[in-house]
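Below: the structure, in structure tokens.
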Amino acid sequence: MDGDTDISLLGDDALLGRVAAGDSAAFAALAARHAPKALKLAQRVLNNAADADEVVQEALVRVWTGARNWVPDGRARFSTWLHRVVVNLCIDRRRKPVHADIADVPEPVDPSPSAAHLVDRRQTSTLVAAALAELPERQRLAVSLCYYEEMSAGEAAQVLSLSVSAVESLLARARRALRARLAGPLRDAEGA
Amino acid sequence: MAKTDTRILKRLIGRYGADPRRWPQDAAAHAPALAERARTDADLARALADERALDALLSSVPEPKVDTARVDTVLALALRDIAVLTHEAARPPAPSRHHALNTSPWHRLWQALGGGAATIKIGGGKLGEWARMGWLAGATAAGLALGMITLPQPALQSAATTAPATATTIAGADTGDTLDAPSLLFSPYAVDTLGASAKDARR
């Protein structure tokens, strides 16, 4: 390969080929390209920036160690694989017993309609974040991937190792649950 | 037909929200029908308003802040972990636990007897095995010889000084098959001595 090639112009598969050969510059370029999205996803799933950083750090180490096994057959995308690793690490982390820092625990919000009248936008977002956090794990992941990361149901299905119809079912159930949990703010929004 | 379309539209907004831009590509063909149908179908219009309000609430959650410094820190820590992994992979293997723990005197004796000798193939055989067997055979022969030299000595000396009758018996035994250790142990002298000791005890 030409040594003068601008690494940042190379595709993911080409960079992974170099990573497999021990090229740390290619690894840095690949990580810089995908880490921001991976961090956002991990933080949405974990609700904690520090935990998200650790998860993505571990996922990047797995990219290095697993690069040799990557087969660039055009069917699988590196970003999908990375997101799958991140999601699995997030699930593992959430299942571990944790002693949360008191500063990370959001203030409890009264979800009654009368209280919702008083909340400003910030409090509303806190309420929505709490409702999202209360969703069952796979429903929350489906919303995070499809709504916030704007993945298609097909991509989310690959990340979650599910069928497309299963992801669509998770999305429908998640939105139903969110509508029920956020009934107060939704009424206020309609009344406004 | 119109009823089916409404059901499809309700299913789409129930999964992907009220914004057709979030719908799957293969569902984009239904997008123009949504606003049109909502004007005439009150049920669909209400469902659309609900989903639009939910979309607005979901959008109120701020996006996690990911700046360059944060990405650089995560990358640097990952590279540190990779360097540690690479260093560990390049390090020669540590001595086995079996080797490290086997420091007992018996193990050292076994080693001295050739137990730990490197196995070298010679003519289809193994030098280590032969060395081990040689040491074992030599050690066994040395042990037997030592036993035969030391065991009869006190008996002969005491016999010569205590009783002539028994001394001749021992002399006879001595001129016989002196290498037969069991015979020496259960010789007539030994039996007589045992009998005399028993008589003395009765007295």
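The values are calculated or read from the model by the stated rules, or taken from the named source; none is laboratory data. This is a predicted model, so every value here is computed, not measured. In this analysis, Cβ positions are derived from the backbone assuming ideal geometry, glycine residues included, and neighbour counts consider all displayed protein chains.
Got a sec? Which helices (runs of 4 or more DSSP H) wholly within segment A:93-143 have at least 1 residues that are at pLDDT 85 or above?
Working: elements: A:113-118, A:121-134, A:137-143.
Of the helices (runs of 4 or more DSSP H) lying wholly inside segment A:93-143, those with at least 1 residues that are at pLDDT 85 or above span A:121-134, A:137-143.
Of the residues that make up segment B:28-40, is at least one away from chain A (no Cβ under 14 Å), charged (D, E, K, R) and crowded, with 18+ Cβ neighbours inside 10 Å? First the steps, then the outcome.
Taking segment B:28-40 first, the residues away from chain A (no Cβ under 14 Å) are B:29-40.
When the remaining residues are screened for being charged (D, E, K, R), the result is B:36-37, B:39.
Narrowing the set further to residues that are crowded, with 18+ Cβ neighbours inside 10 Å leaves B:37.
Within segment B:28-40, one or more residues are away from chain A (no Cβ under 14 Å), charged (D, E, K, R) and crowded, with 18+ Cβ neighbours inside 10 Å.
Being outside any helix (DSSP H, G or I) and either within 17 Å of A:ALA76 (Cβ to Cβ) or within 12 Å of chain B (Cβ to nearest Cβ) (or both) is true for just one of A:GLU150, A:GLU155, A:GLU168. Which residue is that?
Matching residue, one of A:GLU150, A:GLU155, A:GLU168: A:GLU150.
Residues of segment A:49-69 being facing another protein chain (nearest Cβ under 10 Å) and either over 22 Å from A:CYS146 (Cβ atoms) or outside any helix (DSSP H, G or I) (or both), which ones?
Here is the first cut: in segment A:49-69, the residues facing another protein chain (nearest Cβ under 10 Å) are A:49, A:52-65.
Within segment A:49-69, A:ALA49, A:ASP53, A:GLU54, A:GLN57, A:GLU58, A:LEU60, A:VAL61, A:ARG62, A:VAL63, A:TRP64, A:THR65 meet the criteria.
Could you count how many residues in segment A:19-56 are basic (Lys, Arg) and either under 16 Å from B:ALA76 (Cα atoms) or at pLDDT below 95 (or both)? Quick ask: steps written out before the conclusion?
Narrowing segment A:19-56 to residues basic (Lys, Arg): A:33, A:37, A:40, A:44.
After this cut, where a residue has to be either under 16 Å from B:ALA76 (Cα atoms) or at pLDDT below 95 (or both) as well, the list is A:33, A:44.
The total comes to 2.
State all residues of segment B:10-25 that are of a type in the set (A, V, I, L, M) and facing chain A (nearest Cβ under 10 Å); if no residue qualifies, say none.
To start, the set of residues in segment B:10-25 that are of a type in the set (A, V, I, L, M) comprises B:12-13, B:18.
If the condition is that a residue be of a type in the set (A, V, I, L, M) and facing chain A (nearest Cβ under 10 Å), then B:LEU12, B:ILE13 are the ones that fit.
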